[in-house]
Amino acid sequence: MNTDAEITAIYEDDLNTLLDNLNLRQQLEGGSLRCFFCKTTITFDNLICLFPDSGAIKICCDDLNCMSQLATRRNEGLGRGKYHR
Ligand SMILES: [Zn+2]
């Protein structure tokens with residue numbers, strides 16, 4: 001149940017479960033996760049998406065520039081979706 005084989009865009013509904021599965025929740029709560037693009041500290045408020053990169057899970061914050069870069073990297077699917085609450 002805890003495979004991380006295929007992760008594309010994750011939104012709020014699945015976020016907590018995913019963070020647990022990836023053992024990232026403690027890091028998030030501890031303030032040690034950074035946005036892949038702008039390196040800002042990731043919190044539950046600004047975490048917008050997780051994505052695989054070179055076998056590791058990267059995180060994107062809700063900054064428009066970061067989301068734009070993410071969409072450019074993964075334009076087969078991440079350019080669409082609900083970005084705002
Ligand atoms: Zn960012």
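Between Thr72 and Gln26, the contour length at 0.36 nm per residue exceeds the Cα-Cα span by 13.6 nm. Distances longer than 18 Å among the Cα atoms of segment 12-73: what percent of all pairs is that? Of all Cα-Cα distances in segment 12-73, 27 percent exceed 18 Å.
FRET efficiency for the pair Asn65 and Asp45, taken as 1/(1 + (r/R0)^6) with r the Cβ-Cβ distance and R0 = 22 Å, rounds to 0.80.
The numbers here are math on the coordinates, done by the rules we state, and not lab data. All of these numbers come straight from a predicted model, not from anything done at the bench. Here the Cβ is made from the backbone with ideal geometry for all residues, glycine too, and neighbour counts use every protein chain on show.
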